[in-house]
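Colleague: Supplied in structure tokens, the structure appears directly below.
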Amino acid sequence: MNNNRVVIFDTTLRDGEQSPGASMTKDEKLRIAKALEKMRVDVIEAGFAMASPGDFESVKAVAETIKNSSICSLSRALDGDIDRAGEALKNATVPRIHTFIATSPIHMKYKLRMEPEKVLEQAVHAVKRARKLVDHVEFSCEDAGRSDLDFLCRIIEAAINAGARTINIPDTVGYAIPHQFGETFQQLIERIPNADKAIFSVHCHNDLGLAVANSLAAVAHGARQVECTINGLGERAGNASLEEIVMAIKTRQDVLNVETNIDTKHIVSTSRLVSSITGFPIQPNKAIVGANAFAHESGIHQDGMLKHRETYEIMKAEDVGWKANKMVLGKHSGRTAFKGRLEELGVHFSSEAELNTAFTRFKELADKKHEIFDEDLQALVSDTRTSE
Ligand code: KIV
Ligand code: ZN
């Protein structure tokens, strides 16, 4: 694979579903999986087959339906989990088992109650067992963001020797800071002797609001897979958002020098689908997919936009599936945008004086109303005309 290509691994159906209140039925998962496939997501993590019979059936159904994306199931580093994942993925075109074990001192001591050497041994055993079932095994060091670097190097080297083809470094609790996390990737890739035999992957949570920034720092230091979710859905404050990662990579190719295979035109419709299925609304100022992401209200911005789109826009609304950018008329809007919108509605002012009167009335109305709609404008002009 081209060394500048970043694999997009979507985990909306697994980590996204771990968001309290976001559980999805098999049919809902299938609808989302089809939208992800259409968007050309490389890997779809369809669920955690061992978690419940329903999750097993969902992974199986997604594996049987989706043909153009690789389908993955999560599994702990336990024989039963791995075998169940393999069974659910039996009919997938390109199956992947994603096995994980915690590597941070706090998780090993209190959660696993295991010595590091035992954790390493179990990881190797899990990867080897998964490799007997599928060709592509991904291994994750849970809580890598708080793990000891020397131990990470040892366990990752052993996992690659056991057959892991993707090594995922999760910041499970959203603790990382971009420059420091980037350095972690650089160190791992430099120090692990067989690092070139695997793709390094990043998986960030958003507890400090840094999931996307941390993921991009990892990409800048060699990660070539990003794990993310639509709308940043996920446990607690969520995961890195797919739309932000993909559009940052596309928009700042000059700096990041990498690319994805995503068909960005399907971003907004997929985002809407996930929001309507989960019932999680999208905040209006959410980057890329929020209703205001391409809306301009202030007079200065609208004037600039009318003169040249790039004065206030770094991406095209159409590129992510919006119909067009939106000029919102409100109290900050100027005369040019006001006149322009009315002309689009077929209203032409007969004189400057008529425009001035209508514009004054518009400003008075805008002080009382958050957003002025086309119907408000039409009513306002006809009122102005009858009162003259
Ligand atoms: O956040 C995390 O550590 C995970 C792993 C299971 C990959 O979701
Ligand atoms: Zn996670």
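Colleague: Give the residues of the range 157-187 that are in contact with a strand residue (DSSP E or B) (Cβ under 9 Å, 6 or more places away or on another chain), of a type in the set (A, V, I, L, M) and either in a strand (DSSP E or B) or away from ligand 1 (no atom under 14 Å from the Cβ) (or both), sorted by residue number.
Modeller: Ile160, Ala162, Ile167, Ile169
Colleague: Starting from residues that are hydroxyl-bearing (Ser, Thr, Tyr) and within 14 Å of Val41 (Cβ to Cβ), keep the ones in the range 234-268 and report whichever is farthest from ligand 1 (Cβ to nearest atom).
Modeller: Thr264
Colleague: While we're looking at this one, here's another question. Within the range 252-279, can you find the residues that are in a loop (DSSP other than H, G, I, E, B) and either of a type in the set (S, T, N, Q) or within 15 Å of the chain's Cα centre (by Cα) (or both)?
Modeller: Within the range 252-279, Asn257, Thr260, Asn261, Ile262, Asp263 meet the criteria.
Colleague: Give me the pairs: first residue in the range 147-174 and aliphatic (A, V, I, L, M), second residue more than 16 Å from ligand 1 (Cβ to nearest atom) and not in a helix (DSSP H, G or I), beta-carbon distance under 8 Å, and six or more apart or on different chains, which are they?
Modeller: Final answer for the pair search is Ile156/Ile192; Ile160/Ile192; Ile160/Asn194.
Colleague: Being within 14 Å of Ser73 (Cβ to Cβ), away from ligand 2 (no atom under 16 Å from the Cβ) and not hydrophobic (A, V, I, L, M, F, W, C) is the filter here; which residues of the range 27-52 pass it?
Modeller: Scanning the range 27-52 gives Lys29, Ser52.
Each row is one residue, and each column tells you yes or no for (1) away from ligand 2 (no atom under 14 Å from the Cβ); (2) under 11 Å from the mean Cα position of the chain (by Cα); (3) part of a helix (DSSP H, G or I); (4) among the acidic types (Asp, Glu).
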{"residue": "Ile189", "(1), (2), (3), (4)": "yes, no, yes, no"}
{"residue": "Phe200", "(1), (2), (3), (4)": "yes, no, no, no"}
{"residue": "Asp207", "(1), (2), (3), (4)": "no, no, no, yes"}
{"residue": "Gly234", "(1), (2), (3), (4)": "no, yes, no, no"}
{"residue": "Glu243", "(1), (2), (3), (4)": "yes, yes, yes, yes"}
{"residue": "Lys250", "(1), (2), (3), (4)": "yes, no, yes, no"}
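Colleague: Considering only residues that are more than 13 Å from ligand 1 (Cβ to nearest atom), closer than 26 Å to Ile282 by Cα and surrounded by fewer than 21 Cβ atoms within 10 Å (Cβ to Cβ), which ones fall in the range 1-23?
Modeller: Matches in the range 1-23: Val7, Pro20, Gly21, Ala22, Ser23.
Colleague: Out of everything in the range 1-26 that is at pLDDT 95 or above and part of a helix (DSSP H, G or I), what residue ends up being farthest from ligand 2 (Cβ to nearest atom)?
Modeller: Looking at residues that are at pLDDT 95 or above and part of a helix (DSSP H, G or I), I get Lys26.
Colleague: Still on this structure, please answer the following. Looking at Ala324, Ala317, Ala293 in this structure, which one is closer than 30 Å to Glu364 by Cβ, aliphatic (A, V, I, L, M) and at pLDDT 90 or above?
Modeller: Result of the check over Ala324, Ala317, Ala293: Ala293.
Colleague: To continue, here is another question. Being touching a His at 6+ places or on another chain (Cβ under 8 Å), modelled with pLDDT of 95 or more and surrounded by 23 or more Cβ atoms within 10 Å (Cβ to Cβ) is the requirement here; does Arg96 meet it?
Modeller: Yes: the conditions hold for Arg96.
Colleague: Identify, please: which residue in the range 287-314 is surrounded by fewer than 18 Cβ atoms within 10 Å (Cβ to Cβ) and touching a residue at least 40 places away in the same chain (Cβ under 8 Å) and is, among those, nearest to Ala213 (Cα to Cα)?
Modeller: Ala287
The values are calculated or read from the model by the stated rules, or taken from the named source; none is laboratory data. What you see is a predicted model, and the numbers here were worked out from it, not measured in a lab. Methodologically, a virtual Cβ is constructed for each residue, glycine included, from the backbone with ideal geometry; neighbour enumeration extends over all protein chains shown.
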